[in-house]
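The values are calculated or read from the model by the stated rules, or taken from the named source; none is laboratory data. Everything numeric in this text was worked out from a predicted model, so none of it was measured. Heads up, the Cβs are rebuilt from the backbone with ideal geometry, glycines too, and the neighbour counts pull from every protein chain shown.
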Amino acid sequence: MATQGTMGQRLFARWYPGLMQRSEDAGQAAIRARHLARASGRVLDLGTGNGFSVPHYTSAVTELVMVEPNPGLRAQLQRRTADIRARAWQIVDGDAYALPFDDDSFDTVAASLVFCSLDRPAEALAELARVVKPGGTLLFHEHVRGTGVRRVVQEVAAPLQRRLADGCRPNRDFVGLLRRSPFEVSEVEELRMPGGAATVVPMVVGVAVRGLR
């Protein structure tokens, strides 16, 4: 990957944080805070972006490892380091399908609004399962495919949204993918994304556990 990233990555890094800030102010930040308070130990945050999740990790996190492949967002994330409460932290480039970590390396893995943009989400889930310890948790926070008229709108908008939003697919059945993954879903809360556009309003927040085998 080039140091400056692709044209699509650069454009996305410019407009996405401002758009999502409206959602954060409308209640998304509170959802993150409540959800990420459950993270503990050594934590891997996949696709951290510009760092909206960072201030919500508590002192129960002993080390926070943030993976962000977009160079523009990674630069913005560096500027949020003052908000990191973990005793140790690092920001790394990385491939969701081949993470640069040993097996069973993390107590918690987290992903927030990440799986919509991955070309091979099942492989990424398998990779997260590889690096989290047996019995460890996945904290997920994703917008998902809707129903009825909303689903029709998502299907129509998907090709354009994928092109403009760095691969984002508004019509992905994330929970279905998760149930077919090595994780066991223990909690799913269905919400509306605060301040979200029509194509990304359905959202799920929850917990999945890696099996002991």
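From the list Val132, Val200, pick out the single residue that is of a type in the set (A, V, I, L, M), touching a Phe, Trp or Tyr at 6+ places or on another chain (Cβ under 6 Å) and within 30 Å of Pro71 (Cβ to Cβ). Explain how you work it out, then say what you get.
On the way: Val200 fails: touching a Phe, Trp or Tyr at 6+ places or on another chain (Cβ under 6 Å).
After applying the criteria, what remains is Val132.
Does Ser40 fit the bill of being among the hydroxyl-bearing types (Ser, Thr, Tyr), under 24 Å from Val207 (Cα atoms) and touching a residue at least 60 places away in the same chain (Cβ under 8 Å)?
Numbers: among the hydroxyl-bearing types (Ser, Thr, Tyr): yes; under 24 Å from Val207 (Cα atoms): yes; touching a residue at least 60 places away in the same chain (Cβ under 8 Å): yes.
Yes: the conditions hold for Ser40.
I'd like to know if region 134-146 contains one or more residues that are within 23 Å of Phe101 (Cβ to Cβ), assigned to a helix (DSSP H, G or I) and touching a Cys at 6+ places or on another chain (Cβ under 8 Å). First the steps, then the outcome.
As a first pass, look at region 134-146 and keep what is within 23 Å of Phe101 (Cβ to Cβ): 134-142.
The next check asks that each one be assigned to a helix (DSSP H, G or I); those that pass are none.
For region 134-146, residues within 23 Å of Phe101 (Cβ to Cβ), assigned to a helix (DSSP H, G or I) and touching a Cys at 6+ places or on another chain (Cβ under 8 Å): absent.
Could you pull out the residue among Ser117, Ser105, Ser112 that is in contact with a Ser or Thr (Cβ under 6 Å, 6 or more places away or on another chain) and within 26 Å of Tyr57 (Cα to Cα)?
Numbers: Ser117 fails: in contact with a Ser or Thr (Cβ under 6 Å, 6 or more places away or on another chain); Ser105 fails: in contact with a Ser or Thr (Cβ under 6 Å, 6 or more places away or on another chain).
None of the others qualify; the one that does is Ser112.
Among the residues of region 63-86, write down those that are among the aliphatic types (A, V, I, L, M) and either under 13 Å from Ala110 (Cβ atoms) or surrounded by fewer than 16 Cβ atoms within 10 Å (Cβ to Cβ) (or both). Lay out the reasoning, then the answer.
Taking region 63-86 and keeping what is among the aliphatic types (A, V, I, L, M), we get 64-67, 73, 75, 77, 82, 84, 86.
Leu64, Val65, Met66, Val67, Ala75, Ala82, Ala86, listed by residue number.
Could you say whether any residue in region 150-172 is under 30 Å from Ser105 (Cβ atoms) and at pLDDT 85 or above?
Here is the first cut: in region 150-172, the residues under 30 Å from Ser105 (Cβ atoms) are 166-169, 172.
Those left that are additionally at pLDDT 85 or above: 172.
Within region 150-172, one or more residues are under 30 Å from Ser105 (Cβ atoms) and at pLDDT 85 or above.
Restricting to region 97-129, what's the tally of residues that are crowded, with 18+ Cβ neighbours inside 10 Å and either part of a strand (DSSP E or B) or in contact with a Pro (Cβ under 8 Å, 6 or more places away or on another chain) (or both)?
Looking only at that region, the number is 11.
Of the residues in region 128-160, how many are of a type in the set (Gly, Ala, Ser) and without any contact (Cβ under 8 Å) to a residue 12 or more places away in the chain? Explain how you work it out, then say what you get.
Start the filter on region 128-160 by keeping residues that are of a type in the set (Gly, Ala, Ser), which leaves 129, 135-136, 146, 148, 157-158.
Checking which are without any contact (Cβ under 8 Å) to a residue 12 or more places away in the chain leaves us with 148.
Of the residues in region 128-160, 1 are of a type in the set (Gly, Ala, Ser) and without any contact (Cβ under 8 Å) to a residue 12 or more places away in the chain.
From Gly27, Gly18, Gly49, which residue is of a type outside the set (S, T, N, Q), surrounded by 14 or more Cβ atoms within 10 Å (Cβ to Cβ) and outside any loop (DSSP other than H, G, I, E, B)?
On the way: Gly18 fails: surrounded by 14 or more Cβ atoms within 10 Å (Cβ to Cβ); Gly49 fails: outside any loop (DSSP other than H, G, I, E, B).
Every option except Gly27 fails the conditions.
Name the residue, out of Val209, Val204, Val185, that is within 14 Å of the chain's Cα centre (by Cα), within 27 Å of Gly41 (Cα to Cα) and surrounded by fewer than 22 Cβ atoms within 10 Å (Cβ to Cβ).
Numbers: Val209 fails: within 14 Å of the chain's Cα centre (by Cα); Val185 fails: within 14 Å of the chain's Cα centre (by Cα).
Result of the check over Val209, Val204, Val185: Val204.
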